[in-house]
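Just below is one structure, and these are the notes that go with it.
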Amino acid sequence: MKIAIIGAGAIGGYVGARLALAGNQVSFIVRGANLDAIRARGVRLIGADGSEQVAADVQATDDYAVPGPQDLVILAMKAHQLGGVADRLPALLGPDTPVVTMQNGIPYWYFHKHGGPLAGSTLASVDPDGTLAGRIPPARVIGCVVYPASELVAPGVVRHIEGDRFPLGELDGSSSPRVLRIAACFAAAGFKSPVLDDIRAEIWLKLWGNLTFNPISSLSHSTLADICQYPPSRELAASMMREAQQVAHKLGIEFRVTLDKRIAGAEKVGAHKTSMLQDIEAGRAPEIDALVGSVAELGRLTGTPTPHIDSVYALVKLLARAMHAGQGRLRLEACA
């Protein structure tokens, strides 16, 4: 397949390298040092076992018109970065090109083919002016939930930490020829990509942890183990998760694990810094609205109180605003 990967960070680089090594014609749309490195040497993939492979036969460009229409486009950046690529994305789209979205949180397309009283609704928190829906039509979208962990250790160099599961799903729950074709392509690259009949439920399951642990870790500069093992922060996380569960239930979502088991799973990960905390420490814009603000908005749409989520959302947004104003970053450093 001809596949364009927009973004060659930890996930985009990992996915693109594996797809290229499986024989697909992969083009990375990328900028800066990553662009130069991939053009010169391809993508070097370091496995969890220390083995190394190089996907050398790939294209890297910052010009969306260069690769031409694709068989598949994969959006492998964070949700708040989608607006920056939406206007240029149509250059990669043929009449029937599907788009796989790999963002965490509630997606802009959530209510497309949703059914029920909120069908067709838009979420101001993730697509305030409708640009995303207009430029990346939901009819093209295949939903995807990202479970693997990887990191970009240097330009063009990705280390895979663990996991290989990328569940896929049509927004209407069907097993269409296109989603089956994409799942087979992913499977040939070594991924586990079951086709789900309710991709939204899987999105909520991952979001259940992201919307709580990410902002709490950012505000407290604490790891997952710290949050789960300190009773007050564990209870705050549980309170946010209970509110989110009530919102999800009103949207017809049932969680396949219990709240206690979800927290225990986070605790088991150990002294891990969430991606949002890593962004705060690096001075990067954190991913807040798709993870937290969207759930608060869904609470309002469904008439569900979310006081704990609202409070944490306000605080982490204020932190991001202060960082942006000061062009700075925030991290704990050991005292001399």
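Quick note: the coordinates plus some simple rules give every number you see, no bench work behind them. Note that the coordinates shown come from a computational prediction; the quantities given were computed from them, not determined experimentally. Counting neighbours? That spans all protein chains shown, and the Cβs are built from the backbone with ideal geometry, glycine included.
Here are some notes:
- Amide H contacts of ALA60 (H built 1.01 Å from N, under 5 Å, at least 5 apart or other chain): PHE28
- Percent antiparallel among DSSP beta bridges (both partners in the chain, rounded to 5): 35
- Counted by neighbouring Cβ atoms within 10 Å, the residues THR304, THR274 run from fewest to most as THR304, THR274.
- Percent of Cα-Cα distances greater than 22 Å, calculated over segment 200-326: 31
- Amide H contacts under 5 Å for ILE142, placed H, 5+ residues apart: VAL99, VAL100, THR101
- Remark on segment 112-242: Rg and Dmax equal 17.8, 49 Å (Cα only).
- Note: relative contact order over the chain, using C-alpha pairs below 8 Å and six or more positions apart, is 15 percent.
- Label point distance in nm, ARG300-SER174, each placed 7 Å from Cα along Cα→Cβ: 3.4
- Dimensions (Å) - segment 2-197, Cα atoms, principal axes, largest first: 51, 31, 29
- Gyration tensor (alpha-carbon) shape descriptor, segment 5-110, a/c threshold 1.5: prolate
- Remark: for residue pairs LYS206/LYS268; LYS261/LYS317; LYS192/LYS268; LYS78/LYS261; LYS78/LYS268, the C-alpha separation exceeds 20 Å in LYS261/LYS317; LYS192/LYS268; LYS78/LYS261; LYS78/LYS268.
- Remark: C-alpha extents of the chain on the principal axes read 58, 51, 38 Å, sorted largest to smallest.
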